1. Is there a quick way to get the dipole size of region 25-168? I mean about its Cα centre, with the Cβ of Lys and Arg at +1 and of Asp and Glu at -1; what is the value in debye to the nearest 20?
2. Quick check on region 1-69: take the gyration tensor over C-alpha atoms, sort the square-rooted eigenvalues as a ≥ b ≥ c, and tell me if it's rounded (a/c under 1.5), prolate or oblate.
3. Just checking my list [x] 115; [y] 169; [z] 340 against volume of the Cα convex hull per residue in Å³ computed from this structure; which label fits?
4. Just to be sure I understand the rule: take each whole DSSP H helix in the chain, project its Cα atoms onto its long axis, keep it if the span is 24 Å or more and its mean Kyte-Doolittle hydropathy is at least -0.5. Which ones pass?
5. In what order do 142, 104 fall by count of nearby beta-carbon atoms within 10 Å, going from fewest to most?
6. For the chain, what does -39500 (n - 2.57) per DSSP helix run (n ≥ 4), summed and divided by total residues, give at 222 nm, in deg cm²/dmol to the nearest 500?
Amino acid sequence: MRWDEVDELLRAALAKEVEEGTRGLAGLEERVIRELARRPARRSFWEGLKEFLRRPTPRWALAGALAALLLGFALGRLTAPSPIPQWSPNLFVIAAPGAKSVAVVGDFSAWQPIPLSDPDGDGIWTASIPLPPGRYEYAFLVDGKWVGQDPLAEEYLRTFGEYVSVRYIGGGRADRSS
């Protein structure tokens, strides 16, 4: 085979490929435009967010519940009262949020009020009253109202129609100091 024959065969093969490629390109622009028109337009982030907020879905309810839970937890952590001070048999403690005055009365004070304090305003009122070992009956006066059932008491008694709490110090019935 001569070079000019090879050259002629190559030209014929290339012409055939170009002709077949041209047929494939015919109408390509129209096909691309039709395909793009068929696809939905891609929304921006803000458009998607607006659409999500417009229609209620179970996901929206779940997101709202989760947000409320997190907000409640955060507010609870921020507004929770301080922990109750370390308990000792001489410490009198009562939770009385919003109270103007709190006092403890008992047989150790001849039933005369001993004021409790709430220096940080968290509603936990305390007083440390040094008492010798023994059994003591007491109650709290919260804004003048009798509160005779202390949750920290070992027992309760009903005397003259009112409850009083009982605390044992130094070897009593349920001594917490040891």
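1. Details: 16 positive and 15 negative charges, 281 e Å.
Dipole size: approximately 1360 debye.
2. Details: a/c = 8.06, a/b = 4.31, b/c = 1.87.
Verdict is prolate for region 1-69.
3. [z]
4. Details: long enough: 3-25 (33 Å, -0.47); 58-79 (31 Å, 1.22).
Helices meeting the criterion: 3-25, 58-79.
5. Working: 142 19, 104 24.
Exposure proxy ranking, most exposed first: 142, 104.
6. Numbers: 4 runs with 66 residues, N = 178.
Rounded to the nearest 500, the figure is -12500 deg cm²/dmol.
A short reminder: the numbers here are calculations on the coordinates, not readings from a lab. No experiment lies behind these values; they were computed from the predicted model shown. Heads up, the Cβs are rebuilt from the backbone with ideal geometry, glycines too, and the neighbour counts pull from every protein chain shown.
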